[in-house]
Amino acid sequence: MANTVIGSSLIIDGEISGDEDLVIQGTVKGKISLKESLFVESSGVVEADIETQNVEIAGRVTGNIAATDKVELKSDCRVVGDIKAPRILIADGASFKGNVDMDVKG
Amino acid sequence: MASPKELSGPAGNTVIGPSILINGRLTGDEDLTVRGRVEGELALTRTLIVEPSGVVKANVSVKNAVVSGVVVGNIAATESVELTRDGRMVGDIRSPRVIIVDGASFRGRVDMGELAPGRPLPDRPRAQVRPAVRAALPAARPPAVPPRPPARSTLPSFASSRPSEVGKAPPAPPPVPPTVAAGAKKKVVVKKKR
C-alpha cells in the first residue's frame, strides 16, 4: 500500500481525499476524507472535518471526526470537536473536548 | 500495517500517494513528491517532484521542479524546472534554468528571465561544459575539427601542392567552411547536453 505523508513544514488549506493511509506531520485546514487510516502525529495540526475508517491522533485536531471503525486519542493529543465512531479510545493524558457518539453504523 | 514512524521516512519529505487528491492551497518548506493529484495552488521553498503517476493542476511556485508526470498550470521556479522524458506539461514556465529532455511534451511559454542579471550565473556552468564537449567531439568525429582548422585547413592545401608534405598530413579532411562547421557543432553540443 502506498503511503502519503504531509511533512512537518507543510501547510495545506483545502480538501484531501483518497483511498490510502495518510500521515500528517504538518498542518491541514479544510476537510479530510479517506477510506483508510489517518495518523496525526505529535507535530501535526488539523483544523478540519475528518471522515475516515480509522484515526490515530497524537497531535492537535480541531473539527468533527467521523470514523467507520475506530478513533484513538493518544496520550499527548489535544482534540476539540465531536467524535462519531463505533470504537473510541481515549488514552490517559489525552485532552479532549466535545461529544462522543458510539452508535454502531449499519 | 506499517507504523506511522515507518511511513514517515526521512524528515522534511512529503509524499502525496497515488490515490490521494488534494484540492486547495499547499505551502511548505520541504521537498514534495506527488504521486497522486494536487489541484489549486502549490508554493514550496524547495523541490517539487511530480512522479509519472502524479497530476498537478495548479499554479506552482517552487525553487526546483522536476516533472515526470502531468502538470497543467504555470510553474515559477527560482532555480530550475526540468521536464523529464515522461513529463507532460501545459502552461508557462518562468525559471532561470529550464531543461526539457527528449520525450517530454510541453505546450506553453518559457521565460528564463532578464538577460542582464539572469545570465552571469547560468552562463558559467555552460561555458565550462561546452569546451569539454567540444574537446570530446573531435575524437569521435575526426573530420569536424574546426577549432584547430584555421591552422590545419591551410595545411591540406599545402599538402596537395607539395607531395613531400603528404606523409605528414592526415587524409585530407573535407575542407568545411569554418563558420558552417562551428554552427553545426553547436547544434551537436546542444543535443549531447540533453
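For segment A:83-102, state whether one or more residues are more than 9 Å from every other protein chain (Cβ to nearest Cβ), assigned to a loop (DSSP other than H, G, I, E, B) and either buried (at least 19 other Cβ atoms within 10 Å of the Cβ) or within 13 Å of the chain's Cα centre (by Cα) (or both). Scanning segment A:83-102, I find at least one residue that is more than 9 Å from every other protein chain (Cβ to nearest Cβ), assigned to a loop (DSSP other than H, G, I, E, B) and either buried (at least 19 other Cβ atoms within 10 Å of the Cβ) or within 13 Å of the chain's Cα centre (by Cα) (or both), so the answer is yes. Exactly one residue out of B:Ala76, B:Ala144 is modelled with pLDDT under 95, out of contact with any Phe, Trp or Tyr (no Cβ under 6 Å at 6 or more places or on another chain) and not charged (D, E, K, R): that is B:Ala144.
For (1) of a type in the set (Lys, Arg); (2) closer than 26 Å to A:Leu10 by Cα; (3) in contact with a strand residue (DSSP E or B) (Cβ under 7 Å, 6 or more places away or on another chain), each residue gets a yes or a no:
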| residue | (1), (2), (3) |
| --- | --- |
| A:Lys29 | yes, yes, yes |
| A:Ala48 | no, yes, yes |
| A:Ala58 | no, yes, yes |
| A:Val61 | no, yes, yes |
| A:Lys70 | yes, no, yes |
| A:Arg78 | yes, yes, yes |
| A:Gly81 | no, yes, yes |
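Do we have any residue at all in segment B:101-115 that's modelled with pLDDT under 85 and over 21 Å from B:Arg46 (Cβ atoms)? Within segment B:101-115 (the criterion being modelled with pLDDT under 85 and over 21 Å from B:Arg46 (Cβ atoms)), the answer is yes, since at least one residue qualifies.
Please count how many residues of segment A:9-56 are outside any strand (DSSP E or B), facing chain B (nearest Cβ under 7 Å) and more than 18 Å from A:Lys70 (Cα to Cα). Within segment A:9-56, residues that are outside any strand (DSSP E or B), facing chain B (nearest Cβ under 7 Å) and more than 18 Å from A:Lys70 (Cα to Cα) number 4.
Take the residues of segment A:1-13 that are crowded, with 19+ Cβ neighbours inside 10 Å and without any contact (Cβ under 8 Å) to a residue 24 or more places away in the chain: which is farthest from B:Ile22 (Cα to Cα)? Outline the logic, then answer.
First, pick out the residues of segment A:1-13 that are crowded, with 19+ Cβ neighbours inside 10 Å: A:3-10, A:12.
If we keep only those that are without any contact (Cβ under 8 Å) to a residue 24 or more places away in the chain too, we end up with A:3-5, A:7, A:9-10, A:12.
On the way: A:Asn3: 14, A:Thr4: 11, A:Val5: 12, A:Gly7: 14, A:Ser9: 17, A:Leu10: 13, A:Ile12: 8 Å.
Ranking the qualifying residues of segment A:1-13, first place goes to A:Ser9.
Of all residues in segment B:35-72, those that are among the acidic types (Asp, Glu) and within 15 Å of B:Gly87 (Cβ to Cβ) total 1. Across segment B:47-76, the number of residues qualifying as in contact with an Asp or Glu (Cβ under 6 Å, 6 or more places away or on another chain), within 12 Å of another protein chain (Cβ to nearest Cβ) and surrounded by fewer than 18 Cβ atoms within 10 Å (Cβ to Cβ) comes to 0.
Pairs needed: first member in segment B:22-34, more than 7 Å from chain A (Cβ to nearest Cβ); second member anywhere, assigned to a loop (DSSP other than H, G, I, E, B) and surrounded by fewer than 19 Cβ atoms within 10 Å (Cβ to Cβ); C-beta distance under 6 Å; at least 6 residues apart or different chains. Cβ pairs passing all conditions: B:Asp31/B:Arg46. Those strands (runs of 3 or more DSSP E) of segment B:14-78 in which at least 2 residues are over 18 Å from A:Val5 (Cβ atoms) and among the acidic types (Asp, Glu), considering only elements entirely within it, cover B:37-44.
The values are calculated or read from the model by the stated rules, or taken from the named source; none is laboratory data. Everything quoted here is computed from the prediction, not taken from an experiment. Positions of Cβ are backbone-derived with ideal geometry, glycine not excepted, and every protein chain shown enters the neighbour counts.
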